[in-house]
Amino acid sequence: MRESKFKLSVLVKSVQAFYEPEIIFEDEDSLQSLRDEPCVIICNHTPRKKDNFLFSADGFVLRSVFKDQNVCSLVAKDLMDKPIVRLVSSGCGCIPVDRNAASISWIHDCVQKIKSGSSIIIFPEGTTFKDEDVDKFKPGFILLAKMANVKVLPVAINGYYELFTRGKLKIKVGTPEKPQSQGFTTEAMENECYRFQQTVSRLYSEFENNQNIKKIAEAK
């Protein structure tokens with residue numbers, strides 16, 4: 001356990017040193033809410049083209065935002081199967097999920113993590129190969145939040161990866177809230193999924209106009 005915490009600490013400090021993301025909070029109480037109760041943290045991916053190799057460190061960057069909280073990350077199994085990813089992420093609270101399978105066993109694993117006090121980071125777009133806009137969300141995070149009876153914290157990340165260039169990555173943390181619709185019908189799940197997708201899209205677009213957003217924290 002001590003070795004895992006040390007490894008995660010080194011990883012977080014490396015990400016902060018390499019990319020120096022600018023972090024903005026929409027609500028000053030968001031981090032305190034995470035300390036009081038775990039939640040499901042959702043975030044978009046930064047753009048990455050299939051014909052251009054761009055190193056994507058979204059998961060590690062987001063972990064650096066919540067470095068003082070107990071957080072686990074949902075990671076695609078095919079990525080975890082890569083030796084370098086497995087080496088870097090082992091012991092850092094990563095939960096593998098097969099994004100090409102219909103199984104939802106990962107949800108039960110995440111529910112247990114939440115019950116033990118860990119928040120869960122999910123990238124609901126389901127792919128790192130995408131255009132500039134926020135892609136359609138998959139509803140697994142809504143199912144998880146409902147099953148665990150916890151809030152969803154929307155986060156948006158904007159920018160690109162360039163080593164030692166301060167502020168090229170910008171992260172905006174929204175306000176945690178419970179899913180509104182009741183039940184587990186397909187319609188209810190899709191409505192809630194779309195609502196949170198729109199929230200992340202709004203946070204993403206607000207990077208162009210931050211006059212009404214108070215900057216209260218910056219990664220160092």
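With respect to the cross-link table entries Lys113/Lys151; Lys67/Lys170; Lys146/Lys178; Lys82/Lys136; Lys113/Lys170, which display a Cα-Cα separation exceeding 20 Å? Could you put the intermediate results ahead of the total?
Numbers: Lys113/Lys151 15 Å; Lys67/Lys170 16 Å; Lys146/Lys178 8 Å; Lys82/Lys136 26 Å; Lys113/Lys170 28 Å.
Beyond 20 Å: Lys82/Lys136; Lys113/Lys170.
For Asp68 and Ser105, compute 0.36 nm times the residue count separating them, minus their Cα-Cα distance, and round to one decimal in nm. Show your work: numbers first, answer last.
Values: separation 37, 0.36 × 37 = 13.32 nm, distance 2.78 nm.
Gain on stretching Asp68 to Ser105: 10.5 nm.
Can you tell me which of 178-187, 36-45 comes out highest on packing, and rank the rest after it, using the mean Cβ neighbours within 10 Å? Could the numbers behind the result be given before it?
On the way: 178-187: 11.2, 36-45: 22.2.
Ranking the peptides 178-187, 36-45 by packing returns 36-45, 178-187.
Can you list residues from other chains, or at least 5 along the same chain, whose modelled amide H is less than 5 Å from the amide H of Asp98?
Distant-sequence amide H within range of Asp98: Lys77.
Every number here is computed from the coordinates shown, using simple stated rules; none is lab data. What you see is a predicted model, and the numbers here were worked out from it, not measured in a lab. In this analysis, Cβ positions are derived from the backbone assuming ideal geometry, glycine residues included, and neighbour counts consider all displayed protein chains.
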